[in-house]
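Just below is one structure, and these are the notes that go with it.
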Amino acid sequence: MCIVRLWLMQLPSSFWVDEMVTAFVVHQGPADPSLAVAPQVPQSIYYRLPQAAEALLGFSEISYRLPSILAMPWFYSDCDLAARLIHPQAGWFAAFACLGLRGLNTAAADARPYALGMCVAAATLLFLVRWLDSADWGDAFAFIVFGALVWRVHLIFWPFYLGLAGYALVRLARHETR
């Protein structure tokens, strides 16, 4: 019920100014001269998702917001992190706490790269934690892949790399890894 109210009911509402950038990048392409001031914007892999959604469903607010809606449940499914890092029963609390955070709910129904970025960042952290816990090379590979994607989704997530490095260094210094 919360997801319907907080995410799905917002889908057909009009684009706001920041979301219009997504429509502009999809329709004008990265070579448009007006994007020369911020060349990193169209370089995001995110813009291929609304482009694909438009090709499948046509141009509408719903089709452009669909990639974010589809990314957010994966972000919430990574509440496994809360269970691993805080307490085994903290996953449910983290999921419901996230539903109460307005910024996350806004990102869920936003035609911008933030939902995908949070999803990829959460997956990166999850695979780092799993890799440091188990020393499994599959988790290491997934960590590298998702970690590389964080930068390609949106440059605003660059400080996340500092957090990843800090977490890994603390775990290594405490000898809490294999």
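Points to keep in mind about this one:
- Approximate spin-label separation residue 56-residue 175, in nm, with each point projected 7 Å along Cα-to-Cβ: 5.1 nm
- Computed from Cα atoms, the angle from the helix 90-99 axis to the main principal axis of the chain rounds to 20 degrees.
- Cα gyration tensor shape of the range 114-178, rounded if a/c is under 1.5, else prolate or oblate by comparing a/b with b/c: oblate
- When the chain is treated as a Gaussian network with alpha carbon springs shorter than 10 Å, the biggest mean-square fluctuation among 153, 120, 41 belongs to 41.
- Degrees between helix 61-77 axis and first principal axis of the chain (Cα, 0 to 90, nearest 10): 10 degrees
- Model label zone, residue 140; criterion: amide N under 20 Å from point 7 Å along Cα-to-beta-carbon; scope the range 153-178: 164-178
- Accessible carbon and sulfur surface of the chain relative to its total accessible area, %, 1.4 Å: 70 percent
- Cα-based shape type of the range 75-140, given that a ≥ b ≥ c are square roots of the gyration tensor eigenvalues and the cut on a/c is 1.5: oblate
- Projected area, mean over directions - the range 49-178, Cα convex hull, nm²: 8.5 nm²
- Residue-normalised accessible area of the range 21-165, expressed per residue, 1.4 Å probe, Å²: 52 Å²
- When the charge dipole of the chain is built from unit charges on Cβ atoms (+1 for Lys and Arg, -1 for Asp and Glu) and taken about the Cα centre, the candidate among 59, 145, 166 whose Cα reaches farthest toward its positive end is 166.
- Degrees between helix 48-57 axis and first principal axis of the chain (Cα, 0 to 90, nearest 10): 50 degrees
- When the Cα positions of 69, 124, 30 are compared along the charge dipole of the chain, 124 comes out farthest toward the positive end, with charges on each C-beta of Lys, Arg, Asp and Glu.
The values are calculated or read from the model by the stated rules, or taken from the named source; none is laboratory data. Bear in mind the structure is a predicted one, so any value in this text is a computation, not a measurement. For neighbour counting, all protein chains shown are included, and Cβ atoms are generated from backbone atoms with ideal geometry for every residue, glycine included. Calculation scope for accessible area: heavy atoms of the full protein, side chains included, ligands and nucleic acids excluded. Shrake-Rupley method; radii C 1.70, N 1.55, O 1.52, S 1.80 Å.
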